[in-house]
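Nothing in this text is a laboratory measurement; each read-out follows from the coordinates by a stated rule. Quick caveat, the model's predicted, so the values are computed rather than measured. In this analysis, Cβ positions are derived from the backbone assuming ideal geometry, glycine residues included, and neighbour counts consider all displayed protein chains.
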Amino acid sequence: MAGLELLSDEGYRVDGRRAGELRKVRARMGVFAQADGSAYLEQGNTKALAVVYGPHEMRGSRSKALHDRALVNCQYSMATFSTGERKRRPHGDRKSSEMTLHLKQTFEAAILTQLYPRSQIDIYVQILQADGGNYCACVNAATLATIDAGIPMRDYVCACSAGFIEDTPLADLNYVEEAAGGPQVALALLPKSDQIALLEMNSRLHEDHLEQVMEAASKACKDMYAVLDQVVRDHVHEVTTLLGE
Amino acid sequence: MASVVLSEAEKVYVVHGIQEDLRVDGRGCEDYRCIEVETDVVSNTSGSARVKLGHTDILVGVKAEMGTPKLENPNEGYLEFFVDCSANATPEFEGRGGEELATEIVNTLYRIFSSESTIDVKSLCINPREHCWVLYVDVLLLECGGNLFDAISIAVKAALFNTRIPKVRVLEDEEGSKEIELSDDPYDCIRLNVDNVPCIITLSKIGCRHVVDATLQEEACSLASLLLSVTSRGTFTCMKKLGNGSLDPESIFEMMETGKRVGKTLHASLQKILDKEESLGTTRQKVGFLG
């Protein structure tokens, strides 16, 4: 395909979406019975599975325990068959380590860690299929898993990516749009208070356009919040119905 | 491996129950838990399958890539196994914690598939000595609820059944250099014959009886288990004893008989499900983890 147009003249993207439109999000909480909290989230073709264990006593070195708050321990891992080209190591490489740190930073901002001093909360995220927006799908899945585990948070953490093509900000980039090499912004937001938990930008973007792109990412995060909130409410409704009056 | 801590009273309860052919969840000694199998769950792969056996959850993805044949078998393709014990299953598997279990599982899989009759590897050859298909079978352990080996072998068999390898043609130039051409039709592919692929049956010895499909609690009560790899015709391709305890030869022969019986039934049920999924074709509703 010569000259793959990321944004056609009529305003349609490669997969037929409009510039500010999110991909189809489907999610389910309580996927695994043995974990404290678990969730599965599909954002378009990107599939992420998040599992939360905790809060529990510190495993491993007690010296790392924080005397006044809980330690949030994350691991980001991609299945070897998740990408187009087979990935040799599921985790432990630089990209995964970086994502792990980002997840840790994001959730330390949202979870009320002061309520559990000297304990540990483990958040493990697994990508089953990678089609762009891996970090964002992980954060959204981990939010649902943390809610499923009953760990108190300040607010939902909703994440979405945004790009900038031909003077138009695009929301929720897929793999083709990410691989094209244009500027990308990944934003993790606490929607009610508009607080930013994580902001990351790649490639080159003129500062005049930054505000537009951040606006687009913010709006996309708020749309994601509406979807996630509905998922949680449906899940609670289902569980309480099963438990009886 | 993920394990539970049981008190002595609980262990006695489990052992006494099994002596009466009644397990904690009401099953008999030769009954499996409800097994859910679904293929074609991940679209980036050539074939995939998800198996849910009680609380054990396995996801297998098969990717077919072109490579050079091994020197000792120039006319054949080959299979490469990889197991990832995800931290999702238990926090002990974080970082490199799951590597020991993963290595054990990979070695067992290699031993089972080492027999020539399991998969027709000659059909994977494109150009002798130059090009062949390499099937990378990647197993992802999502949840550990006991009886890992059985679930993994069922998932591997289902994933191999689901694998679609694109058809390629070899074109020869005037100078003699070969070019490989991929067929244009995405549905034009070769399928593997999995009739001879074995399934693992793990029999755990608890008290003086043996049980099939042990849960985590039952595994904690058993001293020794026998791992048998059974094909659909009832032949064994591999046998291995696991655990710290010892088994006497009579028990081993009894377990082998049970394994043969159970194995044949398991293969028949699995084939029925796979054929049913196949017959539904594109009209099948894919559930995956959302169901």
DSSP bridge orientation in the stretch B:42-138 - percent antiparallel, rounded to nearest 5: 75 percent
For the stretch A:154-204, state which GluC sites (Glu not before Pro) are in a DSSP loop and have at most 13 other beta carbons lying within 10 Å of their beta carbon. A:166
I'd like to compare A:182-195, B:199-212: which one has the highest average count of other Cβ atoms within 10 Å, and what's the full order after that? B:199-212, A:182-195
Roughly how many nanometres apart are two label points built 7 Å out from the Cα toward the Cβ at residue A:65 and residue A:202? 4.0 nm
As I understand it, the value is the acute angle between the Cα axis of helix B:148-162 and the longest principal axis of the Cα atoms of chain B; what does it come to in degrees, rounded to 10? 30 degrees
Point-to-point label distance, residue B:191-residue B:116, nm (Cα→Cβ direction, 7 Å offset): 2.7 nm
Other protein chain Cβ atoms within 10 Å, averaged over every residue that makes up B:138-144: 5
Kindly identify the stretch A:1-132 as rounded, prolate or oblate by the Cα gyration tensor criterion: order the square roots of the eigenvalues as a ≥ b ≥ c, call it rounded if a/c is under 1.5, otherwise compare a/b with b/c, prolate if a/b is larger, else oblate. prolate
Roughly how many debye, to the nearest 20, is the charge dipole of the stretch A:33-161 about its Cα centre, given +1 on each Lys and Arg Cβ, -1 on each Asp and Glu Cβ, and no other charges? 480 debye
Considering the dipole of the protein assembly as shown built from charges on the beta carbon (Lys and Arg +1, Asp and Glu -1) around the Cα centre, which of B:64, B:85, A:136 is farthest to its positive end? B:85
Using helices alone, I'd like the mean residue ellipticity at 222 nm for the protein assembly as shown: each DSSP H run of four-plus residues gives -39500 (n - 2.57), total over residue count, nearest 500. -9500 deg cm²/dmol
Using Cβ contacts closer than 10 Å as the measure, can you line up A:113, B:282 from fewest to most? B:282, A:113
With +1 on each Lys and Arg Cβ and -1 on each Asp and Glu Cβ, how big is the dipole of the protein assembly as shown about its Cα centre, in debye rounded to the nearest 20? 1160 debye
Eligible aspartates and glutamates near residue B:264 by straight Cα distance, threshold 14 Å, same-chain separation 8 or greater: B:30, B:31, B:150, B:195
Shielding by partners, peptide A:27-34 (average Cβ within 10 angstrom, other chains): 5
For residue B:126, list long-range residues whose amide hydrogen, built 1.01 Å from N in the peptide plane, is under 5 Å from its own amide hydrogen. B:131, B:132, B:133
What's the magnitude of the charge dipole for the stretch B:140-218 around its Cα centre, counting Lys and Arg as +1 and Asp and Glu as -1 at the beta-carbon? Answer in Debye, nearest 20. 800 debye
Hey, fewest Cβ within 10 Å first, where do B:90, A:168 land in order? A:168, B:90
Per-peptide average of other Cβ atoms within 10 Å, ordering A:143-154, B:55-66, B:95-106 highest first: B:55-66, A:143-154, B:95-106
Rounding to the nearest 10 and keeping the result within 0 to 90°, find how far the Cα-based axis of helix A:134-149 lies from the longest principal axis of chain A. 30 degrees
Averaged over the residues of B:71-84, the number of partner chain Cβ atoms within 10 Å of each residue's own Cβ comes to 1
Listed residues B:118, A:78, B:259: farthest to the positive end of the dipole of the protein assembly as shown (Cβ charges): B:259
Checking the cross-link filter: which lysines have an alpha carbon closer than 20 Å to that of residue B:260, excluding same-chain neighbours under 8 positions apart? B:157, B:205, B:240, B:241, B:272
Per the rule of 0.36 nm per residue minus the C-alpha distance, extending residue B:239 to residue B:27 adds in nm 73.8 nm
Rounded to the nearest 10 degrees, what's the angle between the helix B:8-19 long axis and the longest principal axis of chain B, both from Cα atoms, 0 to 90? 80 degrees
